[in-house]
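The values are calculated or read from the model by the stated rules, or taken from the named source; none is laboratory data. A quick note: this is a predicted structure, and the numbers were derived from the prediction, not measured. Here the Cβ positions follow ideal geometry from the backbone for every residue, glycine too, while neighbour counts run over all protein chains shown. We work out accessible area using only protein heavy atoms, side chains counted, and drop any ligands, DNA or RNA first. Shrake-Rupley method; radii C 1.70, N 1.55, O 1.52, S 1.80 Å.
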Amino acid sequence: LLASGSQDDTVRLWRVSDGVLVRTLEGHADGVYSVAFSPDGTLLASVSCSQRDEETWRCVKGEIQLWRVSDGTLVRTLEGYEYAVVSVAFSPDGTLLASGSRWDGTVQLWRVSDGALVRTLEGHTSSVESVVFSPDGTLLASGSWDKTVRLWRVSDGALVRILEGHMAWVRSVAFSPDGTLLASGSDDGTIRLWGVP
């Protein structure tokens, strides 16, 4: 399966083998910024804005929705953001979900089993556009409009390192399969490869 999130407020599941639309997931009140499958493929997370200011149209409440892939049932809605949630990733063992927020610069870790907020990671000074766990699940990387990539220790939320060098917003981060390298893509037109401590 392939999942896609859209500004039409829906998530769609497609069968990769022939491109057939399998299911449309409806429930978000605004555009869907990011989607992620759990490692075992049973759950799908999608992130969006659930409430906007009527005068400024700025998002004032973000949300994460967890869906059961097999039948499209909404399992749980995770709330707690004052702004739109724009990035999401499952931990390799599927027990945690990381999400990044627009404007307030926070990363939040959630327990998948019950939707409890485990920890809030603070330090970015602008929107967190991308989050990703290392292959062994010990580190979390976040890329931000503040032009930095931050590495966090998942076990206690400690900041391990700040990676600086991009001249514009960091849009995407990804670990190599062996976890020794981290790639970051930026609006400055570059991709940087970093050694992981």
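Quick notes
- Rounded D (µm²/s) - the chain, Kirkwood Rh over Cα pairs, Stokes-Einstein at 4 °C, 1.567 mPa s: 77
- When you work out D = kT/(6 pi eta Rh) for segment 138-181 at 20 °C and 1.002 mPa s, using the Kirkwood radius from C-alpha pairs as Rh and the Stokes-Einstein form, the result is 195 µm²/s.
- Projected label distance in nm at ARG111 and LEU1, using a 7 Å step from Cα toward the beta-carbon: 2.6
- Solvent-accessible surface of the chain, taken per residue with a 1.4 Å probe and all protein chains present: 47 Å².
- Cβ-defined net charge surrounding ASP146, 14 Å radius [Lys, Arg +1; Asp, Glu -1]: -2
- Here the Kirkwood formula, the inverse mean of 1/r across different C-alpha pairs, assigns segment 1-71 a hydrodynamic radius of 12.7 Å.
- Percent carbon-and-sulfur accessible area, the chain, ignoring ligands, DNA and RNA, probe 1.4 Å: 50
- Ranked from largest, the principal axis spans of the Cα set of segment 109-197 equal 40, 29, 19 Å.
- Rh (Kirkwood; distinct C-alpha pairs) - segment 82-148, Å: 11.7
- Per residue, the average separation of C-alpha pairs within less than 8 Å and at least 6 apart gives segment 65-151 a relative contact order of 21 percent.
- Length-normalised contact order of the chain in % [C-alpha pairs under 8 Å, at least 6 apart]: 10
- Computed from the Cβ-Cβ distance with R0 of 22 Å, the FRET efficiency linking ASP178 to THR95 stands at 0.50.
- Ordering GLU122, GLU129 by accessible surface, largest first, gives GLU122, GLU129; the 1.4 Å probe counts only protein heavy atoms, with every chain in place.
- At an R0 of 30 angstrom, the distance between the Cβ atoms of ASP18 and ASP188 translates into a FRET efficiency of 0.15.
- Solution diffusion estimate, µm²/s, Stokes-Einstein, segment 34-102, Kirkwood Rh from C-alpha pairs, 37 °C, viscosity 0.692 mPa s: 265
- R0 of 22 Å, Cβ-Cβ distance MET167-ARG52: FRET efficiency to nearest 0.05: 0.10
- Euclidean distance between Cα centres, segment 64-136 to segment 15-58, Å: 13
- Dipole size of the chain about its Cα centre, with +1 on Lys/Arg Cβ and -1 on Asp/Glu Cβ: approximately 340 debye, rounded to the nearest 20.
- Distance (nanometres) between label positions extended 7 Å along Cα→Cβ at ASP156 and GLU122: 1.9
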